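The structure under discussion appears below in the form of structure tokens.
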Amino acid sequence: MIEPKLLILDEPGEGIQPNIVAQIGQVIRQLIKEDGLTVLLVEQKLPFARKYADRFVIMDRGRPVAKGEISELSNELIKQHLTV
């Protein structure tokens, strides 16, 4: 695909060694900054999401139940929607 506008990544670091996961995150940031690419990151690992995402949406059964700036992703929201 030439000059995409959107990149969808589903758990890009799953099963990858940690130093490569960090490189993946850096490439994501580079694509956003230098190419103006929008990245939809589907991720269960909160540290990765918090480090590389700007905004979040928590979904339950296909419906959004919380959303906002990544800085607004509180421990209360995590406990309410993401803990088992």
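Table for the structure above
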read-out	value
Residues within segment 1-37 that are out of contact with any helix residue (DSSP H, G or I) (no Cβ under 6 Å at 6 or more places or on another chain), of a type outside the set (Asp, Glu) and in a loop (DSSP other than H, G, I, E, B), tallied	8
Every residue from segment 55-71 that is under 14 Å from the mean Cα position of the chain (by Cα), over 16 Å from residue 8 (Cβ atoms) and loosely packed, with under 13 Cβ neighbours inside 10 Å	69, 71
Residue list for segment 38-61, restricted to those being in a strand (DSSP E or B) and either of a type outside the set (S, T, N, Q) or farther than 20 Å from residue 7 by Cβ (or both)	39, 40, 41, 42, 55, 56, 57, 58, 59, 60
Number of the condition not met by residue 64 [criteria: (1) out of contact with any strand residue (DSSP E or B) (no Cβ under 6 Å at 6 or more places or on another chain); (2) part of a strand (DSSP E or B); (3) of a type outside the set (Lys, Arg)]	(1)
Restricting segment 17-52 to residues that are among the small types (Gly, Ala, Ser) and either at pLDDT below 90 or over 20 Å from residue 83 (Cα atoms) (or both), the residue that is surrounded by the fewest Cβ atoms within 10 Å (Cβ to Cβ)	36
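The values are calculated or read from the model by the stated rules, or taken from the named source; none is laboratory data. Owing to the predicted nature of the structure, the values given are computational and were not obtained by experimental measurement. Please note: Cβ atoms are built from the backbone with ideal geometry, for glycine as well, and neighbour counts cover all protein chains shown.
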